[in-house]
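Q: Structure in structure tokens, see below.
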Amino acid sequence: MKIKINSLDTLISQICKKLPPSSKEDLKVLNKLKLFIDKNTIPNNDTRKTEYTDILFNKTLDISYLRRDFCKEINEEYKKWTLMYKSIITSQLVDNISTVVHNEINISTNDLEDIKKMNEESVKLLERMDKILVERKGHYNTEKGIIKYFRSL
């Protein structure tokens with residue numbers, strides 16, 4: 001009477017995992033064992049395994065088709081959404097342009113003074129930033145402490 005096995009290759013691989021062959025003699029013994037098992041056993045036709053693989057394959061195909069369709073739907077929704085908001089923005093821009101044309105733009109002297117002050121402050125800020133950069137480079141070169149720098153300000 002012959003024994004039924006699922007797969008000869010998996011059986012041999014399990015044997016090799018438990019006791020890996022270390023010499024040529026071990027490999028010869030494994031090959032002879034494989035031939036002996038092959039002659040004295042019947043491969044088990046596991047129909048459940050093939051059915052499960054078919055089911056799995058079909059499900060993955062279904063999921064891939066669903067995903068592709070889902071991506072198309074999302075892409076179409078995104079296009080609709082962008083077109084809708086483009087139209088809203090353009091209509092608001094047209095309204096803003098029409099109101100600017102009707103109103104005259106007046107710049108008072110106070111605005112000019114504010115602009116001058118802002119320019120002066122920005123120049124001062126840039127000078128301070130340059131000082132900080134110089135001190136930072138000096139800090140790395142001369143290893144001065146950052147606390148000394150802030151006390152000197």
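The values are calculated or read from the model by the stated rules, or taken from the named source; none is laboratory data. All values reported here derive from a predicted model rather than from experimental measurement. Here Cβ is always computed from backbone atoms with ideal geometry, including for glycine, and neighbour counts include all displayed protein chains.
Q: Modelled with pLDDT of 80 or more, among the β-branched types (Val, Ile, Thr) and in contact with a strand residue (DSSP E or B) (Cβ under 6 Å, 6 or more places away or on another chain), is that true of THR82?
A: No; evaluated as a whole, the condition is false for this residue.
Q: So in the stretch 34-79, with the set limited to residues that are of a type in the set (Val, Ile, Thr) and closer than 30 Å to THR10 by Cα, which one is modelled with the lowest pLDDT?
A: THR47
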